[in-house]
Amino acid sequence: MIELRPVTLEGHGVRLEPMGLEHADALAEAAADGELWNLFFTFVPAREEVTDYIETALEGQATGHMLPWVVRLADTGAVIGSTRYHDILPQVDRVEIGYTWYGASHQRTHVNTACKILLMTHAFETVGCGVVGLRTDGMNLRSQRAIEALGAKKDGVIRNHSLRRDGSVRDDAMYSVLLHEWPGIKRHLETRLWRHR
């Protein structure tokens with residue numbers, strides 16, 4: 001059975017630091033890069049929602065079903081977004097990666113690939129996961145394409161599965177990577193990073 005603890009993960013030009021209330025101002029600045037809270041299908045907080053966003057993530061960590069990070073550029077130290085493990089199921093050695101967002105100027109760069117390598121390497125090679133899941137809003141086609149480009153397999157769509165920030169009901173597109181698939185996917189992701197140089 002897997003056990004998760006807060007840990008800093010670093011490599012490929014990014015550093016994932018355990019999220020804390022001290023990151024509130026930096027996360028607000030990152031979300032302002034593109035006013036991401038205006039996208040109805042994301043969970044990106046507006047400036048006045050950042051403290052609640054962090055507190056909710058930390059409550060999830062305290063109850064054992066979330067492990068949140070802020071995403072920081074290693075060279076400048078700037079916080080550019082957030083990600084987390086969620087829906088942690090220790091009894092089946094499963095985590096999901098989600099609640100991922102980056103300021104607009106860091107989207108479609110090496111950042112997402114770098115973060116996913118760090119998170120999946122930690123999950124599979126350190127924690128001992130047998131599966132890593134990912135999900136996104138059925139309306140978030142950009143996110144679906146990004147997940148598919150990572151090499152994750154689409155498990156299906158669960159209709160009317162969860163709530164958006166605005167209270168509307170969303171379909172969830174579900175993806176996963178299994179432990180035996182990880183070596184090939186890791187090689188694929190490392191190649192993607194090499195191409196970004």
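The values are calculated or read from the model by the stated rules, or taken from the named source; none is laboratory data. Keep in mind that this is a model prediction, so the values were computed, not measured. Backbone-built Cβ (ideal geometry, glycine too); neighbour counts: all protein chains shown. For the accessible areas, the whole protein counts, side chains as well, though only heavy atoms, and no ligand, DNA or RNA atoms are used. Shrake-Rupley method; radii C 1.70, N 1.55, O 1.52, S 1.80 Å.
I'd like to check something: does the stretch 94-112 contain any residue that is more than 26 Å from His23 (Cα to Cα) and touching a strand residue (DSSP E or B) at 6+ places or on another chain (Cβ under 7 Å)? Checked the stretch 94-112: at least one residue is more than 26 Å from His23 (Cα to Cα) and touching a strand residue (DSSP E or B) at 6+ places or on another chain (Cβ under 7 Å). Scanning the stretch 174-197 for residues that are at pLDDT 95 or above, of a type outside the set (A, V, I, L, M, F, W, C) and not in a helix (DSSP H, G or I) turns up Tyr175, Ser176.
Looking across Thr63, Thr42, Thr76, Thr113, one residue alone is farther than 22 Å from Thr191 by Cα and within 14 Å of the chain's Cα centre (by Cα). It is Thr42.
Against the condition basic (Lys, Arg) and closer than 18 Å to Met120 by Cβ, how does Arg5 come out, does it pass? Criteria met by Arg5. Annotation note: Cβ proximity below 6 Å between a residue of the stretch 73-96 that is within 25 Å of Glu55 (Cβ to Cβ) and a residue that is among the polar types (S, T, N, Q) (sequence gap 6+ or interchain) occurs for Thr83/Thr100.
Is it the case, given these coordinates, that Glu125 is among the acidic types (Asp, Glu), open to solvent by 50 Å² or more (accessible area, probe 1.4 Å), over 19 Å from Met19 (Cβ atoms) and outside any strand (DSSP E or B)? So Glu125 fits the description; yes. Taken over the stretch 104-117, residues that are open to solvent by 20 Å² or more (accessible area, probe 1.4 Å) and either of a type outside the set (Lys, Arg) or assigned to a helix (DSSP H, G or I) (or both) amount to 7.
Taken over the stretch 172-197, residues that are open to solvent by less than 40 Å² (accessible area, probe 1.4 Å) and within 18 Å of Val131 (Cβ to Cβ) amount to 10. For the stretch 160-171, the count of residues that are part of a helix (DSSP H, G or I) and buried (at least 19 other Cβ atoms within 10 Å of the Cβ) is zero. Scanning the stretch 144-156 for residues that are among the small types (Gly, Ala, Ser) and open to solvent by less than 30 Å² (accessible area, probe 1.4 Å) turns up Gly151, Ala152, Gly156. Across the stretch 71-81, not a single residue is classified as in contact with a Pro (Cβ under 9 Å, 6 or more places away or on another chain) and open to solvent by less than 70 Å² (accessible area, probe 1.4 Å).
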